[in-house]
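After the structure tokens below, expect a handful of questions from me.
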Amino acid sequence: MDTFSLLGDGFAQALTPLNLLLLLVGAVLGTAVGVLPGLGSAMAVALLLPVTFGLDPTGAFIMFAGVYYGGLFGDSTAGILLNTPGNSSAIAASIEGHRMALAGRAPQALATAAIGAFTGGLIATTLMVFLAPRLVDWAALFGPAEYFALAVFAFAATATIVADSPVKGCVSLAIGLSLALVGVDPTSGATRFTLDQTQLFDGIAIVVITVGLLALGEVLHVAARGRRGAVTAPAVVGRPWLSRADVRLAWPAWLRGTGFGVPFGVIPVGGSEMPTFLAYSAERRLDRRRARPRFGRGAIQGVAGPEAAGSATAGSAMGALLALGLPTSATAAIMLAGFQQYGMQPGPLLFERNADLVWTLLASLFLGIVVLLILNLPFAPLWAKLLLIPRHHLYAGITVCCGLGVYATGASTFDLVLVLAIGLLGLLMRRHGLPLAPVLIGVILGPLAETELRRALAVSENDVMALFDSGITRALYGLLLAGLVLAVVTRLRARARRRAAEPVG
Amino acid sequence: MSGTVEQDAGGLGGEPPEPAPPGGAEAAASRGDWAVVALLLALGAFLAHGTATMDVPENSGSPGPRFVPVIVTVLTFVLAALMAAQVARATAGAGVRAPERSAHGEETDWRAVGVVVASFLAFTALLSPLGWLLSAALLFWGTGYALGGRRPLFDAGVALSVSAAFQLAFSAGLGLALPAGVLEGAF
């Protein structure tokens, strides 16, 4: 098998002492950032992006692999122990996880989450290794109109289907698209919305936007809320071993969760919120059939399913990123920025031009999840100690990381002012319930959408129908329409049910 | 994304559950959201002005560099109108819904926000002249103070150790130089 030998080469590349060290450092840092409340895997990658600049591309991506999955392993820890999920994708696992913790089963909840993340990540990564070359063949059929359709799909899906208020989702998307317009237009060379600042000619760096929006915005939000929300971590005592009964309950949930997660990594709907909640409600429905339902009292399946789903989504999202060049989540979007930093464009051509790098990265993803399982399973209580850092020191440290991250990418004071401005935007958005994911998708895919749209229209001499000419575009728009209809129906039915349940007044 | 999570996705049949975020099942507009309308109008005005005054190179093809900005500008104004309609409706129904939404419009500790912003600006301004070690320590200390740290001397010690640790990790571990500033030569 061709794939096996390529992957074998990848492992040979990745298994040098230095690369293993980088992987370990990435995994430790990624888990640490993931564990911190309010910061998830997207933030782990954004803050640690500059750390990799001193490395060669291979080393950098090996470290990234560790960070990428590390954030995922870590982000449910705060959710389980404190009921403050690090990421929206960890919310579903936190519901039952926190109940388990309150019932004195915190070590078991953490272990279930770690094994869930391992199972989901492992299966998704394996599938991706074998499917990525197929995806690449498929991507070769894509022209400008198809790429534009994919981008539109991603925009509409993140802004309307996944966001809980479609108008607010679209507001966030418009903000993202506007941020993406700043800079020199690559097609014509016109400078746009730069206010004549030469520093803006290259556009606003994605690191500045993610760090400002996600990290600095969170710090400002915490500051704005004042003293409220201070929490203390419950002690994690006991050994994190799962009993045979636990495993019997958890393993089908791990697999089912993976099943929910894998397809969602390939569809650009803004990350793993959707599959984690799908997995959660599936487990809950199965649980109802039992003689004594466990949900509500800390059901282990309620942790296992969503956690595996989230991790599986991340795994297949990586496949979509590498093979199609399409970021399907905020984390993938920042990874894309990482690739672009080294002058590489993920997509079909990456497998031809940088094949060795791709396969090394895939191999290190496997190594990363194994390392992370080792780091997280026995040492989960140790990671939980991170939550004992006083809140003001924690956020002060995050702020310093923001300053460092942004300064290290460009050594420019202008970027520091810009990141503060975007942080304030992030505060405003948080206070008004505007979702952050559509901004990032808009920023990341905006330029791609624009280039491909203009290319398609230039070829067809401004005939708009050319955008709907092929089977692929029609299928994508059809799928999008179906998704929108389903979302509207679901919303209306949920509203009707709420009306029925709520007493008037 | 913090706060308690009350999620009941149970009886949803085969449909995708609403990925309910913390803070309520229905995230419709509330009265405070006029700020969002204002933001959208300002953004739309900026985009419109920038698009109108753009220097378009002569040989840029069709569709040119103005094409997408026009779409985004129109989108922004449409959203401002939709948002305004939602907020107006929420304001009208405020008598019924006010208690439910008041948690959303909770009082803001602007002083703490101001201290964080001021510390970050000071860090930005002092980074080159003072160097990483001192300016980052100041940023750490200021942010910590804003978030309720009340042991100035101890916090200053923590701040200096943290910024020193970053400088060491970056210069020794990764070979990236952070500005040394006034402490140049002290090492």
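The values are calculated or read from the model by the stated rules, or taken from the named source; none is laboratory data. Since this is a predicted model, take the numbers as computed values, not measurements. Quick reminder, even Gly has a Cβ in these numbers, built from the backbone with ideal geometry, and neighbours come from all protein chains shown. Areas reflect the complete protein model, heavy atoms only, side chains present, ligands, DNA and RNA absent. Shrake-Rupley method; radii C 1.70, N 1.55, O 1.52, S 1.80 Å.
Residues that are in contact with a Leu (Cβ under 7 Å, 6 or more places away or on another chain), at pLDDT 85 or above, among the aromatic types (Phe, Trp, Tyr) and open to solvent by 10 Å² or more (accessible area, probe 1.4 Å): does the range A:254-261 have at least one?
yes
Return yes when A:Ala78 is within 13 Å of another protein chain (Cβ to nearest Cβ) and farther than 23 Å from A:Leu367 by Cβ and no when it is not.
For A:Ala78, the condition - within 13 Å of another protein chain (Cβ to nearest Cβ) and farther than 23 Å from A:Leu367 by Cβ - is met.
Looking at the range A:458-486, which of the residues that are part of a helix (DSSP H, G or I) and within 8 Å of another protein chain (Cβ to nearest Cβ) is nearest to A:Pro144 (Cα to Cα)?
Here the answer is A:Ala458.
Can you tell me which residue among A:Ile91, A:Ile62 is within 13 Å of chain B (Cβ to nearest Cβ) and assigned to a helix (DSSP H, G or I)?
Exactly one of A:Ile91, A:Ile62 is within 13 Å of chain B (Cβ to nearest Cβ) and assigned to a helix (DSSP H, G or I), namely A:Ile91.
Quick test of your reading of the structure: B:Gly14 fulfils all but one of (1) modelled with pLDDT under 50; (2) crowded, with 16+ Cβ neighbours inside 10 Å. Name the failing condition by number.
Among (1) modelled with pLDDT under 50; (2) crowded, with 16+ Cβ neighbours inside 10 Å, B:Gly14 violates only (2).
Looking at the range B:106-114, can you tell me whether even one residue there is at pLDDT 90 or above, buried (at least 17 other Cβ atoms within 10 Å of the Cβ) and in a helix (DSSP H, G or I)?
yes
Now, a different point. Looking at A:Ala117, A:Ala154, A:Ala149, A:Ala159 in this structure, which one is within 20 Å of A:Ser272 (Cα to Cα), crowded, with 24+ Cβ neighbours inside 10 Å and modelled with pLDDT of 85 or more?
A:Ala117
For the range B:148-170, which positions are outside any helix (DSSP H, G or I), open to solvent by 10 Å² or more (accessible area, probe 1.4 Å) and within 13 Å of A:Gly397 (Cβ to Cβ)?
Answer for the range B:148-170, where residues must be outside any helix (DSSP H, G or I), open to solvent by 10 Å² or more (accessible area, probe 1.4 Å) and within 13 Å of A:Gly397 (Cβ to Cβ): there is none.
Being part of a helix (DSSP H, G or I) and facing another protein chain (nearest Cβ under 10 Å) is the filter; apply it to the range A:434-454 and report the residue that is most open to solvent (accessible area, probe 1.4 Å).
A:Pro447
Quick one: which residue in A:Leu135, A:Leu141 is in a helix (DSSP H, G or I) and over 17 Å from the mean Cα position of the chain (by Cα)?
Of the residues listed, the single one that is in a helix (DSSP H, G or I) and over 17 Å from the mean Cα position of the chain (by Cα) is A:Leu135.
Does the range A:64-89 hold any residues that are in contact with a Pro (Cβ under 8 Å, 6 or more places away or on another chain) and under 19 Å from A:Leu377 (Cβ atoms), and which are they?
Hits for the range A:64-89 are A:Asp75, A:Ser76, A:Ala78, A:Gly79, A:Leu81, A:Gly86.
Yes/no per residue for (1) among the aliphatic types (A, V, I, L, M); (2) at pLDDT below 85; (3) in contact with a Gly (Cβ under 7 Å, 6 or more places away or on another chain):
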residue: A:Gly315; (1), (2), (3): no, no, yes
residue: A:Pro327; (1), (2), (3): no, yes, no
residue: A:Gln341; (1), (2), (3): no, yes, no
residue: A:Leu361; (1), (2), (3): yes, no, no
residue: A:Gly368; (1), (2), (3): no, no, yes
residue: A:Leu388; (1), (2), (3): yes, yes, no
residue: A:Ala396; (1), (2), (3): yes, no, yes
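Cβ-Cβ under 6 Å, sequence separation 6+ or interchain: first residue in the range A:427-440 and at negative phi, partner outside any helix (DSSP H, G or I). Which pairs?
Partner pairs satisfying both residue conditions: A:Pro435/A:Ala163; A:Ala437/A:Gly270.
So, of the residues in the range A:406-421 that are more than 8 Å from every other protein chain (Cβ to nearest Cβ) and open to solvent by 10 Å² or more (accessible area, probe 1.4 Å), which turns out to be farthest from B:Ile71 (Cα to Cα)?
Within the range A:406-421, the match that is farthest from B:Ile71 (Cα to Cα) is A:Ala411.
Let me ask another. Checking the conditions here, which among A:Leu361, A:Leu418 is over 22 Å from A:Asp56 (Cα atoms), in contact with a helix residue (DSSP H, G or I) (Cβ under 8 Å, 6 or more places away or on another chain) and hydrophobic (A, V, I, L, M, F, W, C)?
A:Leu418
Given (1) in contact (Cβ under 8 Å) with a residue 40 or more places away in the chain; (2) assigned to a helix (DSSP H, G or I); (3) within 19 Å of A:Ala90 (Cα to Cα), where does A:Gly296 come up short, assuming only one miss?
Unmet for A:Gly296, out of (1) in contact (Cβ under 8 Å) with a residue 40 or more places away in the chain; (2) assigned to a helix (DSSP H, G or I); (3) within 19 Å of A:Ala90 (Cα to Cα): (2).
Taking into account only those residues within the range A:99-114 that are open to solvent by 40 Å² or more (accessible area, probe 1.4 Å) and in a helix (DSSP H, G or I), which is modelled with the highest pLDDT?
A:Arg99
Which one of these is open to solvent by 30 Å² or more (accessible area, probe 1.4 Å), over 22 Å from the mean Cα position of the chain (by Cα), over 25 Å from B:Ala80 (Cα atoms) and at pLDDT below 85: A:Ala482, A:Ala496?
A:Ala496
Looking only at the range A:324-336, decide whether some residue is in contact with a Pro (Cβ under 7 Å, 6 or more places away or on another chain), buried (at least 24 other Cβ atoms within 10 Å of the Cβ) and under 17 Å from A:Val129 (Cα atoms).
Looking for residues that are in contact with a Pro (Cβ under 7 Å, 6 or more places away or on another chain), buried (at least 24 other Cβ atoms within 10 Å of the Cβ) and under 17 Å from A:Val129 (Cα atoms), one finds at least one in the range A:324-336, hence yes.
Is there a residue being of a type in the set (Lys, Arg) and crowded, with 24+ Cβ neighbours inside 10 Å anywhere in the range A:283-296?
yes
Here is a further query. Could you grab me the full set of residues in the range A:165-191 that are open to solvent by 10 Å² or more (accessible area, probe 1.4 Å), without any contact (Cβ under 8 Å) to a residue 60 or more places away in the chain and outside any helix (DSSP H, G or I)?
Residues satisfying the conditions are A:Val182, A:Val184, A:Ser188, A:Gly189, A:Thr191.
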